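Accompanying notes for the structure given below.
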Amino acid sequence: MRRITGATIVAGVAGSPVTHSLSPLIHNAWLDAAGIDGVYVPFQPAGDRFDRFVEGLRGGAVRGINVTIPFKEVALSMADEVSKRAHDAAAANVLVFEPDGTIVADNTDGVGLLGAMKAQAPGFEIAAGPIALLGAGGAARGAAAALVTAGAPEVRILNRTLAKAEAVAGALGGGVKACPLSAAPEAFKGVTAVINATSAGLSGEGTLDAPLELTPETAVVMDMVYKPLLTPFLKQAQDLGRRTVDGLEMLIRQAVPSFETFYGRTPPELDVRALALGVLGEGR
Ligand code: ATR
């Protein structure tokens, strides 16, 4: 059993709600397997007191935190130093508390997205053609920024509310185009991938009505939602014979650079996906 000592490195995840976060499971499994004197805990600050919570961590009593819904944007605004990828995403999923009081913001969601595509759709080339991205909230903005940086020649943002897609496209410039979700039949033509970054498909939320049959047969279909793992959107893609990439793989892969930042080591070889699937109640 791992002991907590006077030298234990403390990190964690802040969100609201945070109870269902899989990050504590993933990070603590890695810590156990690597025998690192560290711990990773969930924090659920009151919604209007996140800023005070973060201020209280200044100075490094806690090494760092991952940040999840709904605090990613405010987390960015509280940092003294911001990485380029966090700036481009307009959100932070990592805050590091340096001993001198500095707060450093980073965003590893893009690493997670690209890593998941590489793992589950081997051979997929970001630069090979246009990519359709569904949604224009915080998750979509981060994904669009990461895709552009990774060399996507064109990202077509489709959203129910066109104005929000236009705002994201305006902020990211050049290769990012905005269209209404209803224009999907046109926008899906010739894409190499379709990525769902809306909250549709989440248990309890509505489902997405997307004409995936109009994508090229070679298109890769990804869903950032992972509860359930096989969303109706991914099921539709699989039934059409498209290659699919799931949100759990993205979650695990964004955790890798976070772990390295907090604990100074690469995570050990361990099937954390199987552990997470066990908790999600999924057999695969
Ligand atoms: P997040 O921070 O996770 O991105 P968000 O900012 O609330 O969450 O954004 C949710 C996104 O999902 C929005 O793009 C929303 O579309 P609108 O901007 O038109 O509201 C999209 N969304 C949610 N449910 C949807 C549904 N059933 N069909 C289509 N889009 C949906």
Of Tyr263, Met222, Val54, farthest towards positive along the dipole that unit charges on Lys, Arg, Asp, Glu beta carbons give the chain: Met222
Leaving out ligands, DNA and RNA, what percent of the accessible area of the chain is carbon and sulfur, probe 1.4 Å? 54
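In debye, nearest 20: dipole of the chain around its Cα centre with unit charges on the Cβ of K, R (+) and D, E (-)?
Charge dipole, the chain, about its Cα centre: 160 debye, nearest 20.
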For the stretch 110-245, what does the accessible surface come to per residue with a 1.4 Å probe? Please give it in Å². 42
Taking only the alpha-carbon atoms of the chain, what semi-axes of the equivalent ellipsoid follow from 5 times the gyration tensor eigenvalues under a square root, in whole Å, largest first? 33, 21, 16
If you line up the long axis of helix 162-172 against the longest principal axis of the chain, both from Cα atoms, how many degrees apart are they, to the nearest 10? 60
Measuring from the longest principal axis of the C-alpha atoms of the chain, the long axis of helix 23-34 (C-alpha) lies at a number of degrees, nearest 10, equal to 60
Under 17 Å from the Cα of Lys177 - aspartates and glutamates, other chains or at least 8 residues apart: Asp88, Glu154, Glu166, Glu186
Taking Cα pairs under 8 Å and at least six residues apart, what relative contact order does the chain come out at, in percent? 16
For the chain, the longest principal axis of the Cα atoms and the Cα long axis of helix 109-120 enclose an angle in degrees, to the nearest 10, of 60
In what sequence, largest accessible area first, do Phe262, Phe43 appear using a 1.4 Å probe? Phe43, Phe262
Given Lys72/Lys189; Lys72/Lys118; Lys189/Lys235, which pairs have Cα atoms separated by over 29 Å? Lys72/Lys189
Residues whose modelled amide H sits under 5 Å from the amide H of Val82, counting only those 5 or more places away in sequence or on another chain, are Ala105
In whole percent, what relative contact order does the stretch 96-175 give with Cα contacts below 8 Å and a gap of six or more residues? 27
Using modelled amide H (1.01 Å from N, peptide plane; none on Pro or chain starts), what sits under 5 Å from the amide H of Glu154, excluding residues fewer than 5 places away? Ile131
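The values are calculated or read from the model by the stated rules, or taken from the named source; none is laboratory data. No experiment lies behind these values; they were computed from the predicted model shown. Cβ atoms come from the backbone with ideal geometry, glycine included; neighbour counts cover every protein chain shown. When the accessible area is computed, the model is the full protein with side chains, heavy atoms only, and any ligands, DNA or RNA have been set aside. Shrake-Rupley method; radii C 1.70, N 1.55, O 1.52, S 1.80 Å.
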